[in-house]
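Heads up: the structure comes next, in C-alpha cells.
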Amino acid sequence: MTVRGIVLPVVVGFLVLAFVLAAWRMLRGPSSLDRLLALDTMYIVSLALLVAWGLWQNTTLYFEVALLIGLLGFFGTVVIATYLLRGRVVP
C-alpha cells in the first residue's frame, strides 16, 4: 500500500471530524460572532476536504470547486461581518 493510500484517508477522516465539530459549534454557539467563526471554519475545512479528496481520487475537478467555495466563502464572511458590526451591508 502506498503512502497516498494510507495518509489521505486519515487526513479526510480528520477533516470530516473538524467539519462536524465546527457545525456543532455553529449550532450551539453562544453568540452570533461564534457562529460566524464556526461558519468560516466550516468553509475552510470543506475547502481542504475537497483538495484532499481530489488528491486521493487523482482528479482536478475538485480543485476548481474548492476555488469557487473559497471565493464565495470569503465574500460571504465579509458581508456577514459587515452586517453584524454596522447593522447594514451597504456602507
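Just a few scattered comments:
- Along the stretch 31-42 the Karplus relation, 6.51 cos²θ - 1.76 cosθ + 1.60 evaluated at θ = phi - 60°, assigns HN-Hα couplings of 10, 5, 5, 5, 5, 5, 5, 5, 5, 5, 5, 5 Hz to successive residues, with x for each Gly and Pro.
- Debye, to nearest 20: dipole size of the chain, +1 on Lys, Arg Cβ, -1 on Asp, Glu Cβ: 240 debye
- Crossing angle, helix 61-86 versus the chain [Cα axis fit, 0-90 degrees, rounded to tens]: 20 degrees
- The chain - Debye-derived log10 I(q)/I(0), Cα point model, q = 0.13 Å⁻¹: -0.52
- Principal-axis tilt of helix 3-28 within the chain, Cα atoms, nearest 10 degrees: 20 degrees
- Loop-resident sites, the stretch 4-91, for trypsin sites (Lys or Arg not before Pro), counting at most 14 other Cβ within 10 Å (DSSP): Arg88
- Legend: calculated FRET efficiency, Val3 to Arg28, from the Cβ-Cβ distance at R0 = 41 Å, rounded to 0.05, equals 0.65.
Just so you know, all these numbers are worked out from the coordinates, no wet-lab data involved. Here the structure is a predicted model, which means the values were calculated and not measured. Every residue, glycine as well, gets a Cβ built from its backbone with ideal geometry; the counts of neighbours run over all protein chains shown.
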